[in-house]
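Structure first, commentary second.
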Amino acid sequence: MAAEITRHGGGPLLSRREALRRSGGAALATAVGGVVLTACGPAASGASGGATASPAVQQPVIELRFQANNQGVSWNNTVIGLDQQYVDETFNAQNPGLRATVDPAGWGNLGTQIGLSIAGKGYDDVVASCCSDFGLFASSGWADPLDSYLQRDNLSANLWSAGHYDALRLEGKQIGLPSYDGPAVMAYRQDILDGLGLDYPADTWDSGQALGLWQQATGKRADGKWRYGMRGLWFGPNHWQVWIKGWGGELMNATQDRLLANSPAVAAGLSFALNLYNNKIENPNGNDVGCLMRGTAVFSLCGGWDVFHLATELGGTVKWDILPVPVWPAGRAVYDNIDFYALNRATAHPEHAWALLKYLTAEPDWQRFQMRTTLIQPCLLSLWDEWETIVKSVVPPLGNKALHWYRDAALGGYGWPSLTFRHSPVQANELIGLWLGRMLSRTVSVQEGLAQMERQVNALQVASSAEQGQAAAISARFPTQGRAIAAVTPGL
């Protein structure tokens, strides 16, 4: 991970991936039961169209490997088998001469994938990941840009959420496509509010009303344990756009090579967030859904990756529901994920690998299968109404929950994924994480921390740009022929 922020107790605040990894998502087959049974096979998926036929192939069969993005469930033989069975019945059946094989995906493994690609053996043709992995994969040159494929196949950017799609661009090139959209909403314990004599908030609540309610809900429980008013996002470089956009600020410029954090708007949003942490109103640790289940937080931001856990862990055990995030001073803003599928430039079969990537991201079959088995939201905007219908029909505990707020965030344009700097993105995030951690520990003020952060990140952008310019000039003097395999950027 790029940089972990230290909490008051001295330990790191976990990324959502690490939190899920440690909490151990329930096995898909045992936790969802009937959902799995209804998901197998193209007929059960409700697919209205098959995967686009790939270019003509000849024997022997062309083998492709891809990483499947399964959210909220543990990787085990049952999950892998179900994924493979569905791919066999759809993509492989519709593309004679091709065979796509499922590999378990894991956030943080793209360094390994790059190593395998350099070695020319054991790599995946289509990779799946998220978060800081995107910067590593894109800037190192191992992601094959998709613009020519998208243009040729007449696939419009309007198929996907604008924020998510744009976040997967770097230097004007489309590096990946969304694997699912999972904007965060606010789940909350109504029974705890009942016990405290507090009213449920209205859908139109604003930041002032939210702060007052969270403060009232904060305090010691009868057993002596601390109850936080809310559980928010990880306080780190991949998630702080909520506090930037919600207060009217901007993270970076349009060319993605200048940090714009040193502004009154960003300082105001960050000060609001730090107040929650420093006054023990916000739970700085723990799983999104787990803190609700244990009653250690009354409100919790829960992304799309949490729906499976809301259903299987919170379920019908307590009285709870879903709200939109508060209306911040500049309007609603939520964290949206950056999970993506990308084409590995090392693939020996780029056209066929593109056909597989398109099946995963631009066609309905695979997404409908995932919606039924892991309850994950689609990446295609056209499937959002269908997602809500499916989830409510197959998971009774979610039948009366306000799931439409997920759709509202995705279609309403207020979901903000993390953005990637044009130059040395991993190192830039490490610098941001460093200064966020110092502001959180109160070793520097918000104003001083933002000023130092902006100065150092922008100096890094200038220096890295100069290095890349020198490398390009040398490369131009010694041109090569054939398919290019880019060298890993220095420092990665």
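What the table below lists for this structure:
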quantity: Interchain or long-range residues, amide H under 5 Å from Tyr341's placed H; calculated: Leu177, Ser179
quantity: Two-site FRET efficiency, Gln151 against Leu198, from Cβ-Cβ distance with R₀ of 45 Å, rounded to 0.05; calculated: 0.25
quantity: Theoretical FRET efficiency, 1/(1+(r/R0)^6), r = Cβ-Cβ of Ala119 and Leu434, R0 35 Å, to 0.05; calculated: 0.60
quantity: Using θ = phi - 60° and Karplus 6.51 cos²θ - 1.76 cosθ + 1.60, couplings along region 405-418 (whole Hz; Gly, Pro as x); calculated: 5, 5, 4, 4, 5, 5, 8, x, x, 10, x, 10, x, 5
quantity: Label-point gap, in nm, between Glu386 and Ala254 - each point 7 angstrom along Cα→Cβ; calculated: 3.5
quantity: Whole-Å distance, taken between Cα centres, linking region 195-268 and region 381-398; calculated: 28
quantity: Computed P(r) (all Cα pairs; region 120-270; 5 Å bins; percent); calculated: 1, 6, 12, 15, 14, 13, 11, 9, 7, 6, 3, 1, 0
quantity: Global form of region 329-374, assessed from the alpha-carbon gyration tensor, a/c cut-off 1.5; calculated: oblate
quantity: Karplus-derived HN-Hα couplings along region 349-357 (A = 6.51, B = -1.76, C = 1.60, θ = phi - 60°), whole Hz, x at Gly and Pro; calculated: 9, x, 5, 6, 5, 5, 4, 5, 4
quantity: Distance (nanometres) between label positions extended 7 Å along Cα→Cβ at Lys280 and Gln84; calculated: 5.1
quantity: For region 148-201, alpha-carbon Rg relative to the globular expectation (2.2 N^0.38 Å, N residues); calculated: 1.99
quantity: Cα pair count fraction exceeding 21 Å, expressed as % - region 285-432; calculated: 56
quantity: Loop-located trypsin sites (Lys or Arg not before Pro) in region 379-458 whose Cβ has at most 13 other Cβ within 10 Å (DSSP); calculated: Arg442
quantity: 5 angstrom amide H check on Ala402, placed H, neighbours 5+ away; calculated: Ile322
quantity: Neighbour-count order for Ser129, Ser140, fewest beta carbons within 10 angstrom listed first; calculated: Ser140, Ser129
quantity: Length released on extending from Ser271 to Thr443, taking residue separation times 0.36 nm less the Cα-Cα span; calculated: 60.5 nm
quantity: Whole-angstrom gap from region 123-159 to region 284-322, using each part's C-alpha centre; calculated: 32
quantity: Other-chain or far-sequence residues with amide H under 5 Å of Met252's (modelled H); calculated: Leu260
quantity: Rh (Kirkwood; distinct C-alpha pairs) - region 185-266, Å; calculated: 15.3
quantity: Rule-of-thumb Rg ratio for region 376-437 [Cα; 2.2 N^0.38 Å; N residues]; calculated: 1.65
quantity: Using alpha carbons only: equivalent-ellipsoid semi-axes of region 258-361, gyration tensor based, whole Å; calculated: 34, 25, 12
quantity: Pairwise label distance in nanometres, Gln215 with Ala93, each label 7 Å out on the Cα-Cβ vector; calculated: 6.0
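Each reported figure results from applying straightforward, stated rules to the coordinates on display, with no laboratory input. Since the model is a prediction, treat every value here as computed from it, not as a measurement. With ideal geometry, Cβ positions are generated from the backbone for all residues, glycine too; neighbour counts draw on all protein chains shown.
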